Every structure is written in structure tokens, then in C-alpha cells.
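Everything on this sheet refers to the single structure shown next.
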Amino acid sequence: MKRILVCVKAVPVSAFVEVDSQHRLKRDGINLQWNAADASALEAALRLAGEDGSVTVLTMGTSKLESPLRELLARGASRAVLITDRRMAGADTQATARVLAAAVKKLGDFDLILCGCKAIDGETGQVPGQLAAALGLPCVSNGETLEADPDGLTITRRLETGTQELRGRTPTVISLCAYSYPLRLPGILGMRRARNIPVEVLNADDLGLLPEQCGLKGSATKVLAMESRFPGMRRGPKETDLTLGAKALGQILREVRP
Amino acid sequence: MISQNALHHAEKCRFCWMCRHLCPVQHQTGKELNTPRAKGLLLSMVHKEAQQFDKDMAQAMYECLLCDACTNDCATGYQPPLFIREARTEAVVSELAPESVMHLIDNVERTGNIYGVEKPGFGREGTDVLVYIGEAAAVKAPEMAENLLKLLEKAGVSAKVLEKEPASGVMLGDLMGYTEEVRQMAAVCAKALNETKLPVVVLDSYDAEIMTQKYPEWGFEIAAGVTTATAFTAKLLAEGKLEAKAPLGVTGACHDDDRLARTFHEFEPVRRMAKAAGYDLTEMFNHGKLAKSCGTAVAWGYMPELVTRIAGGRWTDLTRIGCDTMLVANPETWQCLSLCVPEGCRLVDLFGALL
Amino acid sequence: MQEKSMMFYMIRSELEDAVGVENVSTKEIERAVYSVDYFWLSRKWQDAGKQGPMPDIIVRPGTTEEVSKVMKIANYYKIPVTTWGGGSGSQGGALPVAGGILLDIKRMDKLIELNTEAGYVTCETGMIFATLEDLVNEKGYSVMHLPSCMTCCTVGGALAHNGIGILSTKYGKMDDMCLSLEVVLPNGDIINTLPVPKHSSGPNLIPVFVGSEGTLGIMTKAKFKIVRQPQTRIHHAFLFSDIHVGYQACREIVQAVKPSIVRLFDEAETVSIIKKIIGFEKRGSFLNLTLEGYEKIVAAELEIVMDIAKKYGAEDLGTEYGEKWFQNRITFFYPDHIMDLPQMFGTLDTVATHDNIEKIYWAMKAVVEDNFKQYGVRFISHSSHWYDWGAMNYSRFIIDNPPKDPEEALRVHNQIWNAGVRAALANGGVLNDHHGVGLKLSRLVKEQYGPALQVLQALKKELDPNGIMNPYKMGL
């Protein structure tokens, strides 16, 4: 497998996040991490690409993501691309997929496009399919393992009732489940190498997209209302005794998930 | 530079002093630089390009025991060792780490341990448990390792020790942060441990920490489970497989080692061992979860003079409460506290004391 | 690295000779660490990527004699000396704004004497206050100085600005606890105050130095009274209809009995901070009160307190909230619990007699809320240190979205401070209750003292003729 592209998303570390008046997640000043399923996808890509292949990581978000992208270069990605543009804020899954598809087309030919099966902040799981549709490619969702041979790909898919093994051909879009492939850490040499690789930055103009195709304006769906299942921050008692702690935890769980 | 996550912690710590009273390095050096907030502040300044990450800053990041007392005191849950560890990675990547540290890293890469010597073998065949001796014990506290093995034999436990025991990765992780190189080292160790299919009893809580906290995160769990040697011994006592000794009429205080105290929150087993060995117990100030560190094997490796002073600080804590017997069950604390045993005081290895 | 003159290195080697080479540093990163203390402005400066004030050279003496040597050198060359303990002061008092020597006293952390029979403890002033308290606790005693910054500050820092702890209503503040001091004067002379604080043997010297914020000398050793840990400590919470009733009730309580903690919160703080940390959900003015000492006396005191509270129509909230508050008393100060950037905030604490303190509350609230509306300012307040003659207000302003530009933010910040402090001064209050003057309020000192300032100026002129001690602080 020569050329692989992996879509990654930065998501909040904490479950306690705020949203603005337009129901958009406030991402300023909060601690972000790469979505776990996307990390799996990257590790799968690095393994498939081996020594002679290339792995491009692609994300859409604020300009602050440049240094986190560098961490991915240090872990072995060969190229990192950041799409950042204020006009893209508030994009729904379709507008996101449209932007990603435009970027994929611009960045060149890829044998394989990998995504995480869903992001822990939005939990929609729609982008991989929409991206595949926008690119006119087939899509396999919820992959757990992924192997390549000269004739194509073997994919194990997680289903509600078990697993399913599929054979496929490239190019295609595949989404990976979280924790299928634990992502390697940045190595010392990788970090040194990553310093000399610039993060490529693209905006809507670079992608030839009009403002009405991006962000809130370009979204087909709109969040009308939002409701918190957690009424305010909760400060449970600090228990040092395991039995008491387990009891308290049980109580909390009953309250939040009656 | 450091990761977004580590930077987030650094930025939260840069204006907060709440844990400085617990920092053993701060206490011994009196330097403002040796506070978690100073180290967080400097990394924040580097991020904002107001300061450069230079040799001095790299050095500052090594003046820390990674003892984690700060984290355990934080009401919010911020973790200074997280960014200090990553800053060490940065120091190594930029070739700015102190010579003394680089020397140890070379040693680990060559021999698996900071001492640069071939690890003495404790190999034996057994069928009940696999005992993991660890680098510090094998080289610096072999008597403690032997005592543990004898103790297990006495309790009728058939213990296996690998002929060639791979390094756990904890030393390298403390020296240069959790990088892929450390993970690869851990992978080799995990594979060797898992091949025995035996539950693992770990003598050094530092090794136990990386095995239980990092290995699963990195994708290789120890399938048959990991127990600390202290918890395992306490269990043998509880099951009556080991007998308690007659009271000695001597009062001692247990020193809780950093990782047993803060990662495992394990306090009772060591005290049960001490009582079974015949000691009456008293407590030093700042014991348990907030126990003051007496130094670590790795820190001793690159700053022996400071670690000796820090260990001396712990002896002062002991003598101030009118006690002269320090009880330990960890090879690293044994090593550090042996550096400066005050006249009239005794350092007791609890595994040996139970024999 | 900035190129320095030959003379710089001459002086550095002289200082190294005085305290040891390893205890002198001119490293850029070490100097940078002292450019930020707890003062909001120094944080804002750092956050904006600007370099705050740095010293030229850091000196870490280990003994009083070494401090004396350093002072002689500094005085001869007329080099500014800023003393740094914990750096946890909120007024910028420890910031080395004039450069020169930064004297970090944390190596001077030895316990000198703990005498439980006579009831005192003597220590060096570089000791972290929590360490002192720990050592005294080990013997079953306490200094009873429990400020929120206890784990961050040094003994010297607490003395320098005359700090206060949460139990002050019973045990007093630093100047009530301190029995005697050893001080190094700016000329290097080592002096001692008289052996006891109460006498008719001429003016007491302790108040000259306690609260002088490093402008008149360096306190190197201090003796404090210690007391036995109380037999009992009970917490009780009440809710008043509003702060006006609360002030009246608390005045009557402190004039009748001796609680250790009396914390009366205005409604704005009751429904925000108190709700967040201890989960109290009602409107009104929340009070938590603590009584301690011998069980029998405490029981009698509680009875009196309950009668007074009832008279003012207080809702009895029982012991739970007070206990929660006591357990969480320092949680309020950890990141994500306390105000932090990008917010702008400040504590306009002041103290006055009972007839003035409520007036100040309303005057300050009005002046802050009315004049700085455009910034969306919030004003919250509590009164947490009480005397039989008066009380203090711990009033805070908070702006969630202040100007981003640090220079513009500084301007707004100082305008709020000027307005708030002047409201206090106009109504019988003072610049500050227990955080000190520092750099933050230095400009307002002359307004507070009027012609009385010449008394302090005369002291300054005589003791520190070269003006090297903590320049630009405290209006001196």
C-alpha cells in the first residue's frame, strides 16, 4: 500500500464542555486530544504503509492544531495538512465531508482513505460515509482489523452481533473502531525528523470552495436545541475505602443513568 | 515541543503554588526554579516564545524526582510530572539534556539499566509465580531480591525468575519520557512475561507502575496479572503461609515509596509486614499518599549529591519523631536511604526481617 | 545572554564569596521565574508573551550572617534588593521591578526552637508556612495561622505584609502572633526586637517591620506564640435574608463571643462561589461560623450565637455546610476553581469599624458596578475577619472578557482599583486589609496617609538612605 490518507479530529479531553449560543462546542482554552478511533486509523495506516509507503494526516480545525499535528508527524506520518478557516466553523457532517473531499482531491491520488468510525464529541459516525460518497468511492465502516495483499484488502468489521470479514479493493474509504490499533508513541528520531516537515495549511480559497459551501452556511442540518444530561458539575465524595467508593460510584451511576 | 495535553497542564500550573510545600527537591535546594509552577511557567514561556528551551532549562527539568506528590495534592487533578517528563523528551530530542543524563541513557540502551553493567541473574525455575526483580534491585539491592525469593520459598511458593530478565522500560521512561523507544523496550518485556503465563510478582514498585499503568495503554497487558511484592507478601501473611515473629520491642516507621504510595495507594501491606516482623509502628509526618520522597534510583544516577541530601531529609523526619528505625520494602528507597544512615539509626529491609 | 560590564562580574564574584558560588545565579531561566508572582498583572504580562520584570542576579543566602554580608555589598554599590519568599503575594510586592539583586530566602528554613511549655516557636523566615505548622502540629500545637496560601508562602512573606489566616477572629493576624524578630537592616546590621511584644519600655519595634514589605529591612528569624490544638472545633452555617441583616448579626456575635471563623457572604457570592464549591442552592447571605476550644465553653458560646442568629431571623443550616466549607477551604484556590486568565480580577479587601464597613460595601459595589458596566464587571464580597470593633470586606471584581491588549487591560485594571480603593478611603476604610500594598497599590499610599506619610518616610530615609530596599513598593 503506497499512499494512504488518514482523517483525524481533535476532540475535548474532558466531558465537561461548554457550547455557545449557536450550539457550537467552545474549543478555545480547553484541552484537546486526537480522537481515539482516528488514532487507531493512523496506526493501521502506518503499519500498511510500511517503509516505502506514505501516510498523510488531514484535519480541519483551528490554527492551534499545528503543533498537535506535528506530534502525528513524530509518530511516523509523512505529511500533515491542516484545513483552517473561520468560515468553516459550525460545519455539520455533510459540510465537513465536502471540505475533506475537496482537500483529498487537491492533495493527490490515494490508494486508501482511513477515518475513525466516529468522534467522541459529535458521536455521529457520518463523515466517513459522506466523504466516500463525495469522492465516489466505496466505504466500509467499523473496521477492526485491516490487512493488505497484492489483490486487495481484508477487513474485519464489528457488528452488533459479531464480526464480519470482507474483501475489498482500492481505492476505498474505511473507518476504524477505537482501540483496534494502539497508536505508537513519538520516537526521538521521529521527533527530530518531524521538526523539518512543515505542516501544510489550507483554507476555503485554496480548496476552491465558496463560503456558502462551508461552515454553518454550508450545512444541511442545524442544531435547534441542546440539553445537558448532567445538571452542573458534580463533586462526589472522595473515598479512600474501595468498598465505600464502589458504593458511591454505584449511586452516581444510578442517578445519571436511571 | 511538548504535546498539547502537557502544555494544557503546564499552563494551568504556571500560576499555582499550592503544592510547592510537598516538593522534596524544592525543600533541599530552596530554589524557586524547583517548584512545579516554575517549570510549568517556563514551558509556557517557551510556547509563547518569550524564553528559549536551552541547556539550563533542560537541566531544570531533570531537577525533579517525578515523585508525583504534587499531583496527589492537586484538588483539580493537574499533573506536573506529565509536562516535566515531556520536557525531558524535548531535551533529548534537541540534544540539550545534561551529559550526566545522556550517559545514563546510553547505559540503558546498552545494558537495560542506568548502571551500564550486565544485570546479575537470579534465574530459577518455578511454577506458581514469576518474580520480576528489576534493574535497581538486581544491581543495587541484590540482598533484598534474595530475601524476597527466600521468603517465597519459605511460604511454599514456587517462584520462577527469568534467566535473562528484560528491562521494564521504567528507567528509560523517567530519563527521556514515554517515547516509542521506551514502548518498544516495554513490548519486549511484556512478551517475555506473558510467555511464562504466570502471574507476575514485582519487587520494585517502579516497575510495577509502568507494567500496570502504561503497558495496557500501549497495547500489551500482562495477561496473568501484576502484583507488588509487598501486597503479595502481605497476602501470604494473611493466609498464614508465613508466620509472624515475636515482638522485638523496637519501634520503627515505614517509608512509603513514591509509586507504591501514589500510583497504587498501597499502604497497609508494608505495615502488615512490619508488624509481622515484630516491630511496633509509628508514623513520620507526610506518610501515606503524601509521603515525602527519599529519592529514586534514576535520580541518584545523575544527581547523587542532591539525592543524598534528599534522603537525609527523610532521616531527619524520622529522628525528629524520636525514632531510629526506618522500615522499607523497596530496592530504590533502600538504595537511597543507605546513602546516609545517621549514626545510631537503622535501615531495615522488611523482606529480610520476615525471614 | 545580555553582555554585562566587568563590574557586574566583580560584584557577582563578591556575592559568590558571601553565600557560595552555587547560591548565586544569573541564568536567564532562573531570572525569568521571578518575573511572575501571584499579581494578576504579572500573569497577564506573561500570558501575552511579554517578559515581566527580572532581577539581574539571584542570591540565596543560608544564614542571617550571609544576609548581612549581601546587604553590605548591595548598600555599598547601591544595588536594589528585592526579597522573595514564596512569590505568592497578590500585590506584586515581590516583583523585582528595579532589577538588581533578588534575595530568595528559602534556604533559610530551619526550625530554631519549639518550646511547648512556654508556648512559642522560633524559626528562620524562609520556611514554608505549612512546614512550620506541620512541625508544630507534630507536637499537638498550632500557630493558628491558616491562610489559603499556607502551602505556598514563607514565614517571611506572611510577616512582610502582615498576613492573616482563616482563624483570625479568635487568634489574630501576624502582628498578634509574632513575639519577636531578628532583622537585617539595609546597612547589614543584625538587630533584634525586644524579647516580648507587650511592654512599656519604649515603642514596640515589631510593627515597624511587620507589614513593611521588605522596604525597611529583612526579617530573618521570627518567634511566634503557639497554642494547643483545640479540644473541639465546631462549624455551623446560617442564612440571612440579606447582607445588611448579616452585618448586624455578626457584629453582635463577635461583640459577645470569640468565634475563630466568621464568614459572611453577600448574595452574589452565595449564589456563585459557595454554590459551586459546596453545593448550597439558596439565595440570601450565607454565614459559616466556627467555634473552638474547650467543649464546655464552646457549648456555651454556641448557645449565645444561636440566640443572636434567631433574633435576626437567620435560617439555621446546621453543621454540614460549615464542615464542607472547612474541608474545601483551599480547594477554592486551585486551578479551575479560582479566577484565572483570561479573566481580570482583583480583591479590594479593606477593613473598618462596624459603623463603616457596610457603608464601604455598598459604596464600593456601586462604584465598581456603575462605572465599569461596559466590561461586564461582576462584584462579589464576603467578610471573613472580624474584631470586636469592626470587620473587613473581601470584595472582588471579576471581568470575564477584559481587553485582550495587556496595556489596555492594565489601564482598566488600575482604574477599577483606584475607584474601589477610593470608595473605601472615603468611607473610613484603608487601602487594604491583609494582602498588602506592594506594587499594585503603591501609588495610593500618599492618599491614604496624607501628611502622616512623613513618619514612614523618615524611617525609610534613616534606615535605607540609598533607597535600595524593594524600590517602588508601598509608596516609599
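The values are calculated or read from the model by the stated rules, or taken from the named source; none is laboratory data. Just so it is clear, the model here is predicted, and its values are computed rather than measured. Cβ coordinates were reconstructed from backbone atoms using ideal geometry, including for glycine residues, and neighbour counts include every protein chain displayed.
Numbers at a glance
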| quantity | calculated |
| --- | --- |
| Matching residues, segment C:5-48, being surrounded by fewer than 18 Cβ atoms within 10 Å (Cβ to Cβ), touching a residue at least 40 places away in the same chain (Cβ under 8 Å) and either within 16 Å of residue C:93 (Cα to Cα) or more than 9 Å from every other protein chain (Cβ to nearest Cβ) (or both) | C:8, C:14, C:20 |
| Candidates A:193, A:158, filtered to the one that is within 14 Å of chain B (Cβ to nearest Cβ) and either on the phi < 0 side of the Ramachandran plot or surrounded by 13 or more Cβ atoms within 10 Å (Cβ to Cβ) (or both) | A:193 |
| Close pairs from segment C:148-163: first surrounded by fewer than 24 Cβ atoms within 10 Å (Cβ to Cβ), partner among the basic types (Lys, Arg), Cβ under 8 Å, at least 6 apart | C:148/C:329; C:151/B:20; C:162/C:173 |
| Any hit, segment B:28-43, residues being of a type in the set (Lys, Arg), at pLDDT below 95 and under 27 Å from residue B:287 (Cα atoms) | no |
| Wholly enclosed helices (runs of 4 or more DSSP H) of segment B:32-130 bearing at least 1 residues crowded, with 24+ Cβ neighbours inside 10 Å and of a type in the set (Val, Ile, Thr) | B:80-93, B:99-111 |
| Check on residue A:77, within 29 Å of residue B:1 (Cα to Cα), modelled with pLDDT of 95 or more and either away from every other protein chain (no Cβ under 14 Å) or assigned to a loop (DSSP other than H, G, I, E, B) (or both) | yes |
| Residue in segment C:357-371 that is among the polar types (S, T, N, Q), surrounded by fewer than 17 Cβ atoms within 10 Å (Cβ to Cβ) and away from chain B (no Cβ under 14 Å) present | yes |
| Cβ pairs under 7 Å, 6+ apart, first in segment B:283-295 and within 11 Å of another protein chain (Cβ to nearest Cβ), second in a loop (DSSP other than H, G, I, E, B) and among the aromatic types (Phe, Trp, Tyr) | B:288/B:267 |
| Within segment C:240-289, considering residues that are more than 24 Å from the chain's Cα centre (by Cα) and among the basic types (Lys, Arg), the one farthest from residue C:379 (Cα to Cα) | C:282 |
| Test: residue in segment B:57-64 that is touching a Phe, Trp or Tyr at 6+ places or on another chain (Cβ under 7 Å), more than 11 Å from every other protein chain (Cβ to nearest Cβ) and not β-branched (Val, Ile, Thr) | yes |
| Test: residue A:37 is in contact with a Gly (Cβ under 6 Å, 6 or more places away or on another chain), closer than 23 Å to residue A:129 by Cα and assigned by TED's automatic domain parsing to the domain that holds residue A:89 | yes |
| Scan of segment B:1-51 for residues that are facing chain C (nearest Cβ under 7 Å), farther than 15 Å from residue C:104 by Cβ and basic (Lys, Arg), ordered by number | B:12, B:48 |
| Check on residue C:338, hydrophobic (A, V, I, L, M, F, W, C), surrounded by 16 or more Cβ atoms within 10 Å (Cβ to Cβ), assigned to a loop (DSSP other than H, G, I, E, B) and out of contact with any Lys or Arg (no Cβ under 6 Å at 6 or more places or on another chain) | yes |
| Segment C:309-325: number of residues that are part of a helix (DSSP H, G or I) and either among the aliphatic types (A, V, I, L, M) or not assigned by TED's automatic domain parsing to the domain that holds residue C:274 (or both) | 1 |
| Sole exception among (1) touching a Leu at 6+ places or on another chain (Cβ under 6 Å); (2) more than 14 Å from every other protein chain (Cβ to nearest Cβ); (3) closer than 24 Å to residue A:107 by Cβ; (4) of a type in the set (A, V, I, L, M, F, W, C) for residue A:39, by number | (2) |
| Check on residue B:159, among the aliphatic types (A, V, I, L, M), assigned by TED's automatic domain parsing to the domain that holds residue B:146 and more than 25 Å from residue B:108 (Cα to Cα) | yes |
| Count - residues of segment C:381-393 that are assigned to a strand (DSSP E or B) and either assigned by TED's automatic domain parsing to the domain that holds residue C:284 or surrounded by fewer than 21 Cβ atoms within 10 Å (Cβ to Cβ) (or both) | 1 |
| Qualifying residues in segment B:1-17 (those that are at pLDDT 95 or above and outside any helix (DSSP H, G or I)) - the one surrounded by the fewest Cβ atoms within 10 Å (Cβ to Cβ) | B:15 |
| Tally of residues being closer than 16 Å to residue B:136 by Cα and either assigned to a loop (DSSP other than H, G, I, E, B) or away from every other protein chain (no Cβ under 14 Å) (or both) across segment B:190-210 | 9 |
| Of all residues making up segment C:49-77, the number that are under 19 Å from residue C:124 (Cα atoms), surrounded by fewer than 19 Cβ atoms within 10 Å (Cβ to Cβ) and either of a type in the set (A, V, I, L, M) or more than 26 Å from the chain's Cα centre (by Cα) (or both) | 1 |
| Selection from segment A:46-82 of residues that are among the small types (Gly, Ala, Ser) and farther than 17 Å from residue A:112 by Cβ | A:61, A:63, A:67, A:74, A:80 |
| Condition check for residue B:239: out of contact with any helix residue (DSSP H, G or I) (no Cβ under 8 Å at 6 or more places or on another chain) and modelled with pLDDT of 95 or more | yes |
| Boolean, residue C:236 is in a strand (DSSP E or B) and under 30 Å from residue C:267 (Cβ atoms) | yes |
| Verdict on residue C:99 being farther than 27 Å from residue C:328 by Cα, surrounded by fewer than 24 Cβ atoms within 10 Å (Cβ to Cβ) and in contact with a Lys or Arg (Cβ under 6 Å, 6 or more places away or on another chain) | no |
| Check on residue A:198, assigned to a helix (DSSP H, G or I) and either under 14 Å from residue A:37 (Cα atoms) or more than 14 Å from every other protein chain (Cβ to nearest Cβ) (or both) | no |
| Residues (outside any strand (DSSP E or B), free of Cβ contacts under 8 Å to residues at least 40 places away in the same chain and more than 14 Å from chain B (Cβ to nearest Cβ)) located in segment C:98-136 | C:117, C:118 |
| Answer residue from segment C:137-169, given it is under 14 Å from residue C:94 (Cβ atoms), assigned to a loop (DSSP other than H, G, I, E, B) and more than 14 Å from chain B (Cβ to nearest Cβ) and is farthest from the chain's Cα centre (by Cα) among those | C:161 |
